[in-house]
Amino acid sequence: MRRKCFHINDELTEKLEYFIYDYSGLEYHNLEILVNDLTGNKADKSRLETRDAVYRLRKILAYNCPECVPEEDGLAQAVDLFLLFLRTCDVEASLSLEPLLDTVWKTGGPGREWNCVRRLTGVLASVYLLYFLSKSRIFAREQAEEHMSTVFRQNIPFYTEEDRRFLTRIFMVEKRFDCLLDFLRSDLKPSWDKEGYTAVSEDIMAREFFRILHKIKVSGSNQDAMTFYEKSEPLFRNLSQEEIKKYWEKGKAGILFDLGKYEEAKDIQDKYIDKFGESKNVSDLYNGAIYYAWAADYKEKEDPDWEIYIEKAYGYIQQAEQFILGSNLSGKPEYQEFLYHIILEKAFLLSEKNEYEKAYECFEQAFSRADQETRKNSNFSTHMWILMKYMCSHPDKTEVVTDWIERLYQDYPYQIKEYKMILDFVHSSQYLRVNEKIYQKIYESLILLLFHALEIRHETKVRDISRYDILYYTKIEHLRLLLEDEEEKCNYRLPMFHVYHMNDPQEGKILRGLLDKEKFVVSGNGETEEIRSRFEENYVFLKSFFCYHKGNRKNGVKEFLPMWVQYGDDARGCCVILDNKSFENSNLRRIVYLTDNGECDARDRKIQMFLDQFRTVYQDLVRFCNREIRPDSDAGVECVHEIENLTKYIVSQISYLFKNESYKHENEVRLIINRTSSELDDVKVIPGKIPKVYIYNDKQTYIREVILGSKIDNPEDYVSFIYKQGSKMWKGDKKTEIKVTQSAIQYR
């Protein structure tokens with residue numbers, strides 16, 4: 001959001017500070033005032049269509065008559081005009097500020113009680129509180145902040161509606177939720193005939209609260225919305241209307257859900273579903289089903305709660321469907337659309353229950369009858385998953401599924417995501433379009449190959465982060481890269497290095513080795529030509545961690561000597577223990593360890609099944625291309641090249657999820673980011689004999705502990721820097737702040 005400034009010289013800045021303190025009974029400082037240029041309204045704009053307002057203000061302030069003392073009405077007009085210019089970022093506000101302050105000062109003691117002066121003092125104190133507190137010359141920051149907040153609150157009754165909108169907006173921009181709540185508190189009026197507030201004032205306050213909340217969420221920060229919610233709890237707890245308090249609490253569940261706190265969201269929602277017989281609120285049932293479904297998705301599949309959560313979600317969605325159908329509400333347009341969403345969610349839950357035929361029937365029922373807007377707002381990745389599950393369990397229905405995929409592609413091509421590049425290829429390939437049999441086989445094989453790859457990715461996702469200790473060993477300079485990352489929006493992001501810089505020379509090659517037994521054969525014109533081996537352009541960035549189940553270890557996280565040797569710069573680096581908060585809503589994936597024959601560990605039976613299917617589809621596709629696509633035509637050669645490139649892309653989605661079983665002791669998990677050649681603007685380089693490229697991930701990192709290696713020379717040299725940055729990382733919270741220790745590993 002763009003901001004504009006008042007440019008005030010130091011002398012006037014100091015004068016302004018003294019003015020605010022003087023006229024509030026306290027004190028004040030700098031005005032280099034930053035104001036938001038999106039806070040104006042039609043009334044302000046219409047008043048500025050001519051220069052009349054400028055001339056009136058200058059006349060009132062009597063530039064050429066320093067002895068003139070204004071009457072209250074005249075000064076009120078001057079204040080109103082000045083604040084108009086302030087709200088609209090007009091340069092006249094800068095020009096008129098000093099004469100306005102001088103004019104107010106002339107009013108002396110009586111002027112302090114004038115409403116217009118109180119209004120002016122409160123607005124200026126608010127702007128000072130937001131932007132110039134750090135420059136206060138009279139009091140320490142904490143004391144000045146307390147004073148300015150007091151001035152703002154004391155003068156709330158004197159602000160106009162335009163002032164309130166202006167201040168509300170800049171409080172939102174600067175995340176001063178305490179000031180926003182002061183405004184809301186001022187809306188509540190005591191009831192004369194009973195304890196608490198009037199119902200009308202509670203309604204007004206609640207509407208304003210949710211209006212502000214909506215704007216905070218639209219700005220893209222669910223965490224800010226949650227902070228605002230938490231700070232508003234005492235305000236809503238004291239209301240007399242139970243319906244408002246219920247609506248507030250259910251809104252909190254929605255924000256918790258958006259933040260990925262599915263367990264907390266479902267617990268809140270359950271309270272209102274239990275009372276469904278009284279409330280008749282079908283939305284509560286639908287939201288409860290969604291919350292339970294997502295909470296299940298973040299459970300490990302072997303967790304007994306996973307099945308319980310899926311059944312609970314399915315029960316709620318059935319109740320919601322039956323309520324609408326049984327109440328004859330399905331004919332109403334708003335309920336009809338809602339019913340389609342309910343049935344689509346039912347289709348997803350049936351797929352989770354392995355009832356693929358029923359899932360497909362629900363999908364077909366809902367999606368065939370849904371209007372365009374409902375389809376547009378649907379989760380297309382889920383739809384593709386339902387369709388592909390159905391196709392895999394019913395091979396004879398392949399054409400039915402591909403017909404649906406075609407419809408999705410034609411109507412909503414931007415929604416197809418990972419499948420889009422496959423569909424773009426098969427639709428644009430002239431060779432395939434004139435060979436229907438080959439077209440259908442390539443089409444089916446490529447989407448199946450991608451589907452099995454996505455299933456492997458899904459199964460390797462680490463869901464319940466809270467069950468693990470997550471740490472990584474690294475060189476000390478890589479820790480510095482993390483702790484020196486202080487961007488404006490997101491600080492202390494993990495540096496992720498290119499896969500070519502990894503320690504394992506077989507990185508990403510295990511899966512390819514299993515697949516290379518079948519190779520695409522393209523001979524072109526039949527001539528044999530010696531060609532130099534070419535490296536592929538590859539932009540995959542990794543961050544590897546070591547993941548251990550939490551135990552009752554008295555001495556904290558256990559260290560491992562092999563990790564120090566291989567990854568901790570031979571004990572001259574460090575071991576970083578991360579707080580689980582660093583991985584909330586992240587795609588952290590565990591490594592699958594394979595034997596030389598491509599066999600998984602016994603606990604990975606499901607991944608083994610998908611991997612076997614992946615290999616079967618891949619080998620069948622290669623053999624089909626080598627057998628059926630004519631290599632003696634340019635179109636055929638080009639088609640095979642395109643298919644080969646697509647399979648490489650699909651393989652790259654999972655190739656870095658597999659390592660040889662000799663690394664099994666590491667219990668490795670990874671963050672993986674794939675980039676294209678057009679997405680490299682944020683790539684950074686560590687110069688040296690071998691330049692190393694890296695990027696930062698997009699999440700804030702929180703470190704619990706840094707263990708310095710036992711062979712670091714003068715480890716004390718690093719301690720003060722780590723503590724300083726760690727305090728900023730945790731924002732000075734003593735309960736969670738970072739600690740620095742030295743390794744207890746016995747190392748020669």
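The values are calculated or read from the model by the stated rules, or taken from the named source; none is laboratory data. Because the structure is a prediction, the values reported are computed rather than measured. Using ideal geometry, Cβ is built from the backbone for each residue, glycine included, and neighbour counts are taken over all protein chains shown. Please note that ligands, DNA and RNA were not included when accessible areas were found on the heavy atoms of the full protein model with its side chains. Shrake-Rupley method; radii C 1.70, N 1.55, O 1.52, S 1.80 Å.
Summary of values
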item	result
Hits in the range 458-477 - residues which are open to solvent by 60 Å² or more (accessible area, probe 1.4 Å), in a helix (DSSP H, G or I) and more than 29 Å from Ser221 (Cβ to Cβ)	Glu477
Residue in the range 210-220 that is of a type outside the set (Val, Ile, Thr), surrounded by 19 or more Cβ atoms within 10 Å (Cβ to Cβ), closer than 27 Å to Ile465 by Cβ and at pLDDT 90 or above present	no
Members of the range 228-246 found to be in a helix (DSSP H, G or I) and surrounded by 14 or more Cβ atoms within 10 Å (Cβ to Cβ), listed by number	Phe228, Tyr229, Ser232, Leu235, Phe236, Ile244, Lys245, Lys246
Options Lys731, Lys689, Lys735: the member that is without any contact (Cβ under 8 Å) to a residue 40 or more places away in the chain, part of a loop (DSSP other than H, G, I, E, B), at positive phi and among the charged types (D, E, K, R)	Lys731
Helices (runs of 4 or more DSSP H) contained entirely in the range 350-418, each with at least 2 residues that are open to solvent by 60 Å² or more (accessible area, probe 1.4 Å)	356-369, 372-376, 398-411
Positions within the range 328-346 being open to solvent by less than 50 Å² (accessible area, probe 1.4 Å), modelled with pLDDT under 90 and either under 31 Å from the mean Cα position of the chain (by Cα) or of a type in the set (S, T, N, Q) (or both), in sequence order	Ser330, Phe338, Leu339, Tyr340, His341
Residues that are assigned to a strand (DSSP E or B) and at pLDDT 90 or above, drawn from the range 694-718	Ile703, Arg704, Glu705, Val706, Ile707, Leu708
The range 148-162, subset part of a helix (DSSP H, G or I), open to solvent by 10 Å² or more (accessible area, probe 1.4 Å) and of a type outside the set (Val, Ile, Thr), residue nearest to Arg185 (Cα to Cα)	Arg153
Inter-residue pairs, beta-carbon under 6 Å, first under 20 Å from Leu167 (Cα atoms) and in the range 88-106, second of a type in the set (Asp, Glu) and exposed (fewer than 15 other Cβ atoms within 10 Å of the Cβ), 6+ apart	Cys89/Asp37
Pick from the range 720-733, criterion of a type outside the set (Gly, Ala, Ser) and open to solvent by 40 Å² or more (accessible area, probe 1.4 Å), ranking: modelled with the lowest pLDDT	Asp733
Count of the range 421-435 residues which are more than 12 Å from Tyr649 (Cβ to Cβ) and either open to solvent by less than 70 Å² (accessible area, probe 1.4 Å) or at pLDDT 90 or above (or both)	9
Within the range 196-227, tally of residues that are in contact (Cβ under 8 Å) with a residue 24 or more places away in the chain and in a loop (DSSP other than H, G, I, E, B)	2
Some residue of the range 478-487 being under 18 Å from Ile577 (Cα atoms), surrounded by 14 or more Cβ atoms within 10 Å (Cβ to Cβ) and out of contact with any Phe, Trp or Tyr (no Cβ under 9 Å at 6 or more places or on another chain)	no
Test: residue in the range 447-457 that is within 26 Å of the chain's Cα centre (by Cα), in contact (Cβ under 8 Å) with a residue 24 or more places away in the chain and open to solvent by 30 Å² or more (accessible area, probe 1.4 Å)	yes
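For every residue, the table says whether it meets (1) in a loop (DSSP other than H, G, I, E, B); (2) small (Gly, Ala, Ser); (3) open to solvent by 50 Å² or more (accessible area, probe 1.4 Å).
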position	(1), (2), (3)
Val557	yes, no, no
Val576	no, no, no
Glu599	yes, no, yes
Phe610	no, no, no
Gln613	no, no, yes
Leu621	no, no, no
Pro631	yes, no, yes
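One line per residue, one yes/no per condition, for (1) modelled with pLDDT under 90; (2) under 30 Å from Lys299 (Cα atoms); (3) in contact with a Phe, Trp or Tyr (Cβ under 9 Å, 6 or more places away or on another chain):
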position: Arg590; (1), (2), (3): no, yes, no
position: Asn597; (1), (2), (3): yes, no, no
position: Cys600; (1), (2), (3): no, yes, yes
position: Lys606; (1), (2), (3): yes, yes, no
position: Asp612; (1), (2), (3): no, yes, no
position: Tyr618; (1), (2), (3): no, no, no
position: Leu646; (1), (2), (3): no, no, yes
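Residue by residue, here is whether (1) under 25 Å from Tyr468 (Cα atoms); (2) within 30 Å of the chain's Cα centre (by Cα); (3) open to solvent by 70 Å² or more (accessible area, probe 1.4 Å) holds:
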{"residue": "Lys689", "(1), (2), (3)": "no, no, yes"}
{"residue": "Gln700", "(1), (2), (3)": "yes, yes, no"}
{"residue": "Ile712", "(1), (2), (3)": "no, no, no"}
{"residue": "Pro715", "(1), (2), (3)": "no, no, no"}
{"residue": "Lys739", "(1), (2), (3)": "yes, yes, yes"}
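Yes/no matrix, rows are residues, columns are (1) out of contact with any Ser or Thr (no Cβ under 8 Å at 6 or more places or on another chain); (2) farther than 14 Å from Leu408 by Cβ:
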position	(1), (2)
Asn354	yes, yes
Glu357	no, yes
Cys362	yes, yes
Gln365	yes, yes
Arg369	yes, yes
Glu373	yes, yes
Asn379	yes, no
Thr382	yes, no
Ile386	no, no
